[in-house]
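First the structure, in the form of structure tokens, and then the observations on it.
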Amino acid sequence: MLGGQKSGKSGLAARRAEASGRPVVVVAPAVVRDEEFAARVERHRADRPAHWRTLETFDLAAAVADAGAGTFVLVDALDTWLAETLESSGVFVGDDVPDPARRVRAEDGVVAALRAFTGAVAALDVDVLVIAGQPGLGVHAGGPGARLYVDVHGRAVQSLSAAADEALLVVGGRVVRLEPDVPPGVSASGTSPSSGPVAAPPAGDLATPADAATPEGSSSLGGFAPPGEPTIAVRPETGQSAAGASVDPPLREHGDTQVPAGMVDLAVNVQPGPPSWLADRLAAAVRDLAAYPDDRAARAAAAARHGRPAEECLVVDGAAEAFWLLARVLRPRLAACVHPSFTEPEAALRAAGLPGVRVLRDAEQGWRLDPSSVPEAADLVVLGRPDNPTGVLDPAETVAALVRPGRIVVVDEAFAEFLDDADGVAGRRDLPGVLAVRSLTKLWGLAGLRVGYVVGPPDLVGRLAAERRPWSVNSLALTAIEALTSPVAEDERRARATAVAGLRAELIAGLRAVGGLEVWDAHANFVLVRSGRPGLRDRLLEHGLAARRADTFPGLDDRAVRVAVRDRATNQRLIAALRTIEERGSA
């Protein structure tokens, strides 16, 4: 985190540290030489929460080891460490440098110490945030020694930035995210559309893409999310389109792009197309396309389905539009995205330039969310129910436990249509600040039509409605929403959900009979499967089966895949393929 003096970087860094939920250890490398500086140091110490621990040391690598695994280490600040390190080498800021060889030794010593520091970070489950000035933005240095300091400071910052998940510049208390340099023709994820993965830079100068997913259990330098998980980007408004280069590409990848020609589609979790009666009704509505869309009947029907008045409902151009609208309108101070889960909410928050943190579900707990794992500072929380891709269904009490004054809880209920009781959290008017996002595309086979709606408190729904473009939902989608949320569609919805549940139970039982696999209960039309070895999706492709990648979901890697519940014959083919894969792997 870079910034000039009094830019607000220390306060922002402190808020990130506190929001991490981890024990915070402050590394303060400073030598007190005058009363004013002593008072300054004491003010900083007094401003820190009492439960934070402080290490006053210049050995950054040893400080990380001393802090220990599971901590958040806040280095405050690089500048004092650098000045003292140079002076201990006989190089004094502002004075002439008497010996060029001493200059080289001093600079090489700084780089070596920083490499030891980043190596210590990589060896532990620890999050680290380094606060640094940016003297190159100020007045030009006056003497050879001062110029040396600026030069070495620049090299030190570049060395740390190359190892970090993200680099931030703070100006006037506002944050700008600094993007890595990406060669022409290469995506931000480090791949070329035509040539595949790009060769890594030399060791020691590795420029990791700022938002690239890191393996489970790895460490992060600069992040404030759980181990191995980069934070949601902090980014200013740039005027770029929401789908521009500011969004981490893996977050925008979905199952519809993962089915090669000729493969059996297990990646897209949408049931076969709409029933004939709905297709007929849509065909009839084509005759009225000369009129502008009027969403009043659709809003009233969707709201009444959950016992709400129309002003508590907003129809949307598919659930995904809702998440981008929420990010743009609500603009939280700190968002918490529960993962593994649908990645569009985080992508939307990143594109809007909003700070946030990832909260990871625990596979050992059946992926159930522990409400206490969400930072108290989060004023926006996003979770799925049922969750995609884990399939877990958190109790409504879990959502209720997240409710706080001043906090908005967004529940992605895109797969609630597959539940016995599809009312879901959308029907809970007693939960203040809770917005439920619904989709009608999955169970009814309408992904191409984009049909969804949001329900919640009228003040929040009104804010969303006031900021959206006019006529954003087309007439055919409105016809479908009105038809599918009416009471007459409920019997067929329940029958479709029951049929999926039966096939899902058979699939899960068959998968659990295959040795070497982890399989979790699910409440939608997909199942999460994990092998003990990486590359599970690629091995399924060898059998003509295209499963949904799991390594684009934060908290998962390529040992896992999400598979859609299909007909009995297709499910049996999947089980047989996985049995062959696991038997070969254990041979």
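For the reader, a short list of remarks on this structure follows.
- Seen from a random direction on average, the alpha-carbon convex hull of the range 454-532 projects onto 8.7 square nanometres.
- Listed peptides 150-156, 401-407 by packing density, highest first (mean Cβ within 10 Å): 150-156, 401-407
- Loop-resident sites, the range 424-497, for chymotrypsin sites (Phe, Trp or Tyr not before Pro), counting at most 13 other Cβ within 10 Å (DSSP): TRP471
- Note on GLU42 and THR398: the model spin-label points, each 7 Å out from Cα along the C-beta direction, lie 5.0 nm apart.
- Computed label-point distance, nm, for sites VAL104 and LEU178 using a 7 Å Cα→Cβ extension: 2.7
- Selection of GluC sites (Glu not before Pro), the range 501-587, meeting DSSP coil and at most 11 other Cβ within 10 Å: GLU542
- Phi angles of the range 353-367 translate, via the Karplus equation with coefficients 6.51, -1.76, 1.60 and θ = phi - 60°, into HN-Hα couplings of x, 10, x, x, 9, 8, 10, 8, 5, 10, 4, 5, 9, x, 6 Hz per residue; Gly and Pro are given as x.
- For the pair ASP370 and MET263, label points projected 7 Å from Cα toward Cβ lie 3.6 nm apart.
- Amide H contacts of HIS339 (H built 1.01 Å from N, under 5 Å, at least 5 apart or other chain): VAL359, LEU360, ARG361
- Reported value for the range 471-580: 143 Å³ per residue, from the convex hull of its C-alpha atoms.
- Each semi-axis of the equivalent ellipsoid for the range 279-438 is √(5λ) with λ an eigenvalue of the Cα gyration tensor; in descending order they amount to 29, 18, 16 Å.
Read-outs throughout are calculated quantities, based only on the coordinates presented, and are distinct from any laboratory measurement. No experiment lies behind these values; they were computed from the predicted model shown. Cβ coordinates were reconstructed from backbone atoms using ideal geometry, including for glycine residues, and neighbour counts include every protein chain displayed.
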